[in-house]
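Structure first, then comments.
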Amino acid sequence: MVVAVEYIAKEKSADVAAGAESARHGVTGILAVQGAFAEHAAMLDGLGAPWKLLRAAEDFDDSIDRVILPGGESTTQGKLLRATGLFEPIAEHIAAGKPVFGTCAGMILLARKLDNDDNVYFGALDAVVRRNAYGRQLGSFAATADFGSAAGDSAVVVAPGEHVPGFAAPSSKAVSGAAADSVRNPDGHTAAGVPSADVVLKDFPLVFIRGPFVAEVGSAVTVETSVDGNVVGLRQGNILATAFHPELTDDTRIHELFLSL
């Protein structure tokens, strides 16, 4: 995905900026102290989902019901979370069981422990994560794998080019009807009534940039995807965490799944 220049300075989606009634709740707050926040914003715009960037504590308000922790440099993000006052409201959001999606550095921030770093940040994800597990920049790579743990008759397979049940085809402007209902659905089901835990995203493109992987899986989490024997995607209730960057692809399915939590 190539993000338009305007996303570097854009602070919120058009409906949030305009104070629309539909954007006074159900807003996704995107941590924007460092890292790939603009790419997540562009992805949400394509799905018609309201969003705003979180740069300081005062940005976190009652309209926000889900949070994205983007890829970037986890040590820097951890320090800036404290310096900006954002750590506490996001920690409270996670503790309340509200949806949160961590990609790459975001997975590190969520982990209960790192096996090659003494820092612990939110400590909410029952997993031990290894930073820079594939090496430095030259260790970046792409792969393809299924995302989702459902099997048998319960599995609802969503193929490439399809959308999570209840979502209409995304547009660059907005999504309406069933798609809008799904974006705002609070009960863990898509607008079509499919439990989000039953959705399997077939052949999802995985982009790794100095990515982590999961060194130890706790009993509270479900493994959603692995590559070459390494766990790179987890779910724990309303927490999604990936070692890869779905926002750097044109595939919206994981973001659709997150919006259905």
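Observations on the model:
- Residues located in the range 201-222, provided they are in a strand (DSSP E or B), open to solvent by less than 50 Å² (accessible area, probe 1.4 Å) and touching a Ser or Thr at 6+ places or on another chain (Cβ under 8 Å): Phe204, Pro205, Leu206, Val207, Phe208
- Neighbours by Cβ (under 6 Å, 6+ apart or cross-chain): first from the range 117-136, farther than 21 Å from Ala220 by Cβ and at pLDDT below 85; second small (Gly, Ala, Ser) and open to solvent by less than 30 Å² (accessible area, probe 1.4 Å): Tyr134/Gly211
- Residue selected from the range 6-27 under the condition exposed (fewer than 12 other Cβ atoms within 10 Å of the Cβ) and not acidic (Asp, Glu), by the criterion nearest to Ser63 (Cα to Cα): Gly19
- Matching residues in the range 223-261 - criterion: being in contact with a Leu (Cβ under 7 Å, 6 or more places away or on another chain) and surrounded by fewer than 17 Cβ atoms within 10 Å (Cβ to Cβ): Val223
- Among the residues of the range 227-254, the ones that are of a type in the set (Ser, Thr, Tyr) and over 18 Å from Val214 (Cα atoms) come to 2 in all.
- Exactly one residue out of Arg82, Arg55 is among the basic types (Lys, Arg), open to solvent by 50 Å² or more (accessible area, probe 1.4 Å), over 17 Å from the mean Cα position of the chain (by Cα) and closer than 25 Å to Val16 by Cα, and it is Arg55.
- Taken over the range 87-103, the residue count meeting the criterion of being open to solvent by less than 70 Å² (accessible area, probe 1.4 Å) and in contact with a strand residue (DSSP E or B) (Cβ under 7 Å, 6 or more places away or on another chain) is 8.
The values are calculated or read from the model by the stated rules, or taken from the named source; none is laboratory data. Just so you know, these numbers come straight off a predicted model, no measurement behind them. With ideal geometry, Cβ positions are generated from the backbone for all residues, glycine too; neighbour counts draw on all protein chains shown. Each accessible area value is taken on the protein alone, full model and side chains, heavy atoms only, with ligands, DNA and RNA left out. Shrake-Rupley method; radii C 1.70, N 1.55, O 1.52, S 1.80 Å.
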